Amino acid sequence: MNRALYAAFILVALVGDARIFLFVMNRFVMGSHKEERSPWNWLMFVVPPLLLALTLKLYAFWLAIAAAVGLFWIMERLHALQLAQIPLIGIRSAEPIVSRLRRAHVPFAFLRRLGAHNDLYDLEVTRHEIFIDDLPEAFDGYRIAFLTDPHVARFVRRDFYAEIHRQVAAQDPDVILLGGDLVSFRRHIGYMGEAFLDGLAARDGMFAVLGNHDYWAGAELVTETLRARGIELLTNRPVMLTRDGARLPLVGIDEVYRGRPDVAAAFANVDPAQPCIGISHHPDVIDLLDGRRLDLLVCGHTHGGQIRFPFFGAVVVPSQHEAQYASGFHRVRNVLLYVSRGIGAMPPVRILCRPEVATFTLRRGGRQTS
């Protein structure tokens, strides 16, 4: 009995070590650095053996700390899983549409549910209705398609981009929003325009913000590629969507860490009492909004964690909030935040985390219902 308890204690301490390592990865190695190559990369190689050595050498003080961290993480996950079952007011989601371009290479469904399958080409179209009490009547039923983080590259199957075009067209969007990280490498910028952008269209046009990889690959060339196709870049400025004389502001905020976000400029001439929607690449922008109203703010960047684990979910999430805003809806003060899992993956692996095209239909009234 004592041995079993001792083994469980060591196991929880190892879970704590993993959590400490993930904290270092998310906050420092993959965190807020402006450079493409993190100055903290060396921590990836130093921290794991250090933590393992401290645990296996059985230093009582460290074991107590690691076990406490591990136990806290387990309790935190149980709480998060419980909260996930509580629906947010003002949102109604339909069953997603899943388009599987890759055959299941693992024959047993229960193994696939445990993560033994690469979801890279299992495209999921999520469908949500957003209820806004004072939405102008003309915008009732307004449809938005949000595509982010495609990381377009030639080694990705071309028919995957064609399937994205088909699925977006089937939703018949009024507007398409692009959330950045269109490419990872400069040599793919031209191909991105041809393979990804050229097949997209919406009645009221397309609007985009840049992501960190766009800045690193070449912001000027990415911007030229967008503008050549009539796609409007929203860098710290608003634009008015119009329908039957009614207006709905759409604000774009620059990438939080690699760009120069200017929230005041983005909300210039926007009535703070009226409905407003927004787009930015990184969900950490939520910390800059200072109580401003956004009835829908769409972001990407996290890839939903890209590789998720049963129970623990997303673990590597490059954000100061780590997995708190890894994906999905979150109400934060006066903002309804939606973080998409995105389309692409670098490296090209997705486990328990399908690529996503997020679609939204704005509805007038009904905020009091879930």
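For segment 332-355, what are the residues that are of a type in the set (Val, Ile, Thr) and farther than 16 Å from His151 by Cα?
As a first pass, look at segment 332-355 and keep what is of a type in the set (Val, Ile, Thr): 332, 335, 339, 343, 349, 351.
Within segment 332-355, Val332, Val335, Val339, Ile351 meet the criteria.
State yes or no: is Val209 under 30 Å from Asp271 (Cβ atoms), of a type in the set (A, V, I, L, M) and either in contact with a Ser or Thr (Cβ under 7 Å, 6 or more places away or on another chain) or at pLDDT below 95 (or both)? Give the derivation first.
Values: under 30 Å from Asp271 (Cβ atoms): yes; of a type in the set (A, V, I, L, M): yes; either in contact with a Ser or Thr (Cβ under 7 Å, 6 or more places away or on another chain) or at pLDDT below 95 (or both): yes.
Considered against the rule, which asks whether it is under 30 Å from Asp271 (Cβ atoms), of a type in the set (A, V, I, L, M) and either in contact with a Ser or Thr (Cβ under 7 Å, 6 or more places away or on another chain) or at pLDDT below 95 (or both), Val209 comes out as yes.
Tell me the residue from Gln306, Gln320 that is in contact with a helix residue (DSSP H, G or I) (Cβ under 9 Å, 6 or more places away or on another chain), in contact (Cβ under 8 Å) with a residue 24 or more places away in the chain and assigned by TED's automatic domain parsing to the domain that holds Glu129, please. Reasoning before the result, please.
Details: Gln306 fails: in contact with a helix residue (DSSP H, G or I) (Cβ under 9 Å, 6 or more places away or on another chain).
Unique residue meeting the criteria: Gln320.
Of everything in segment 307-338, what is more than 18 Å from Leu78 (Cα to Cα), under 11 Å from the mean Cα position of the chain (by Cα) and aliphatic (A, V, I, L, M)? Give them in sequence order.
Once the filter is applied, which keeps residues that are more than 18 Å from Leu78 (Cα to Cα), under 11 Å from the mean Cα position of the chain (by Cα) and aliphatic (A, V, I, L, M), segment 307-338 yields Val317, Leu337.
Could you look through segment 271-292, keep only residues that are surrounded by fewer than 18 Cβ atoms within 10 Å (Cβ to Cβ) and out of contact with any helix residue (DSSP H, G or I) (no Cβ under 9 Å at 6 or more places or on another chain), and pick out the one that is nearest to Tyr121 (Cα to Cα)?
Taking segment 271-292 as the starting set, the residues that turn out to be surrounded by fewer than 18 Cβ atoms within 10 Å (Cβ to Cβ) are 271-274, 287-288, 290-291.
With the extra rule that they be out of contact with any helix residue (DSSP H, G or I) (no Cβ under 9 Å at 6 or more places or on another chain), the set shrinks to 271-274, 287, 291.
On the way: Asp271: 42, Pro272: 41, Ala273: 42, Gln274: 39, Asp287: 33, Gly291: 38 Å.
Across segment 271-292, the extreme among qualifying residues is Asp287.
Here is a yes/no grid of residues against (1) closer than 20 Å to Val209 by Cα; (2) basic (Lys, Arg); (3) crowded, with 22+ Cβ neighbours inside 10 Å; (4) touching a His at 6+ places or on another chain (Cβ under 8 Å):
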{"residue": "Pro249", "(1), (2), (3), (4)": "yes, no, no, no"}
{"residue": "Ala268", "(1), (2), (3), (4)": "yes, no, no, no"}
{"residue": "Leu294", "(1), (2), (3), (4)": "yes, no, yes, no"}
{"residue": "Gly313", "(1), (2), (3), (4)": "no, no, no, no"}
{"residue": "Tyr325", "(1), (2), (3), (4)": "yes, no, yes, no"}
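Could you tell me which of the residues Ala195, Ala153, Ala219 is more than 22 Å from Pro348 (Cβ to Cβ) and assigned by TED's automatic domain parsing to the domain that holds Tyr142?
On the way: Ala195 fails: more than 22 Å from Pro348 (Cβ to Cβ); Ala153 fails: more than 22 Å from Pro348 (Cβ to Cβ).
Selected residue: Ala219, the only one of Ala195, Ala153, Ala219 that is more than 22 Å from Pro348 (Cβ to Cβ) and assigned by TED's automatic domain parsing to the domain that holds Tyr142.
Which one is surrounded by the most Cβ atoms within 10 Å (Cβ to Cβ) among residues in segment 148-163 that are of a type in the set (Val, Ile, Thr) and more than 13 Å from Phe185 (Cα to Cα)? Walk me through it before giving the result.
First pass over segment 148-163, keeping only residues of a type in the set (Val, Ile, Thr): 148, 152, 156.
Remaining after also requiring more than 13 Å from Phe185 (Cα to Cα): 148, 156.
On the way: Thr148: 31, Val156: 21.
Among those residues, the one meeting the criterion is Thr148.
Which numbered condition trips up Asn41, out of (1) among the polar types (S, T, N, Q); (2) farther than 30 Å from Trp216 by Cβ; (3) not in a helix (DSSP H, G or I)?
(2)
Hey, can you tell me all the residues within segment 314-370 that are polar (S, T, N, Q) and farther than 20 Å from Met30 by Cβ?
Let us first name the residues in segment 314-370 that are polar (S, T, N, Q), namely 319-320, 324, 327, 334, 340, 359, 361, 368-370.
If the condition is that a residue be polar (S, T, N, Q) and farther than 20 Å from Met30 by Cβ, then Asn334, Thr359, Thr361, Gln368, Thr369, Ser370 are the ones that fit.
If I ask for residues that are part of a loop (DSSP other than H, G, I, E, B) and either of a type in the set (Ser, Thr, Tyr) or farther than 23 Å from Ala323 by Cβ (or both), which ones from segment 53-88 would you list? Working first, answer last.
Residues of segment 53-88 that are part of a loop (DSSP other than H, G, I, E, B), as a first pass: 57-59, 84-88.
Passing the criteria: Lys57, Leu58, Tyr59.
The values are calculated or read from the model by the stated rules, or taken from the named source; none is laboratory data. Remember, it's a predicted structure, so these values are computed and weren't measured experimentally. Methodologically, a virtual Cβ is constructed for each residue, glycine included, from the backbone with ideal geometry; neighbour enumeration extends over all protein chains shown.
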